[in-house]
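Heads up: the structure comes next, in structure tokens.
Just so it is clear, none of the values below were taken in a lab; they were calculated from the coordinates. Given the structure is predicted, the values throughout are model-derived calculations rather than measurements. Here the Cβ is made from the backbone with ideal geometry for all residues, glycine too, and neighbour counts use every protein chain on show.
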Amino acid sequence: MTKDSKQKLSPMTVSLHWLVAVVFITLIVVGVYMEENEVFFLYPIHKSIGILLFSVILIRVIWRIKNGWTQPVSQYKKIEQIGAKTIHWMLIIGTVMMPISGMLMSGAGGHGLHIFGLELLPSNPDEWNLGKVMPLNKSLAGLGHTLHELGGKIMIFSITLHIIGALKHHFIDKDSTLHRMLGKK
Ligand code: HEM
Ligand code: HEM
């Protein structure tokens, strides 16, 4: 399979980047909206898409390990290079942690895991409280919840810096960083 070069990124890198980016940002927006407004019909949709995206995220991580990181298009100041690399690491780790913490919160919380009705882990109904569920492990569910909430905030911050960086390359440095991530030479 074609690997990334300094001049051109592989179709695999470009398509995985944009697929994960668009769906991930959508899940953040939907997640915050449904949680703040208690829009319960969105929960199973958010969870199903999150679990499906997790498989794409894992393929992307394997691809990064096989291919290595993309090289900067030209020589930048050391501080800029360290900043960009740190954010790339935070983004890759965050894309893995968000679905894992979500599944931990729902699975250990007794809600089960489902992809659009396909059962991966059954829910744990509370016999004494019809329509409610019993947590399988309260502390693990709590840990998942905390990580998901905190992770969401950290990811919003990191993605914002990442987008500002991409726009700076494009409009101020006027280099090919953004063009290259769009599959162009
Ligand atoms: C509109 C939103 C976005 C824009 C404009 C954008 C733009 C870019 C650009 C231009 C690069 C190439 C940087 C380089 O060559 O050094 C890049 C790389 C990267 N982006 Fe984004 N990005 C966006 C959203 C996201 C999101 C939401 C994530 C993760 C949640 C993400 C994760 C990454 C990672 C990990 C890299 C390193 C290369 C790779 O692994 O593919 N990006 N992005
Ligand atoms: C890439 C994947 C995902 C992203 C980016 C994401 C993002 C978010 C965000 C930002 C929130 C709002 C958190 C807050 O402000 O408190 C949220 C809520 C939530 N997410 Fe996710 N999520 C993802 C995957 C999942 C998965 C796989 C599950 C479960 C299987 C899940 C279950 C939930 C639940 C149950 C809530 C609501 C929590 C509450 O009501 O307190 N998420 N998600």
Residues that are more than 8 Å from ligand 1 (Cβ to nearest atom) and among the hydroxyl-bearing types (Ser, Thr, Tyr), drawn from the range 1-41: THR2, SER5, SER10, SER15, THR26, TYR33
One residue from GLY102, GLY83 being within 16 Å of ligand 2 (Cβ to nearest atom) and of a type in the set (Gly, Ala, Ser): GLY102
Tally of residues being surrounded by 14 or more Cβ atoms within 10 Å (Cβ to Cβ), without any contact (Cβ under 8 Å) to a residue 60 or more places away in the chain and not in a helix (DSSP H, G or I) across the range 73-100: 1
Residue in the range 40-48 that is part of a helix (DSSP H, G or I), of a type in the set (D, E, K, R) and more than 16 Å from ligand 2 (Cβ to nearest atom) present: no
Filter pass, GLY131 being surrounded by fewer than 12 Cβ atoms within 10 Å (Cβ to Cβ), touching a strand residue (DSSP E or B) at 6+ places or on another chain (Cβ under 9 Å) and farther than 25 Å from THR13 by Cα: yes
Failed item, numbered, when LEU9 is tested on (1) part of a loop (DSSP other than H, G, I, E, B); (2) surrounded by fewer than 17 Cβ atoms within 10 Å (Cβ to Cβ): (2)
Residue check for VAL73: away from ligand 2 (no atom under 16 Å from the Cβ) and in contact with an Asp or Glu (Cβ under 6 Å, 6 or more places away or on another chain): yes
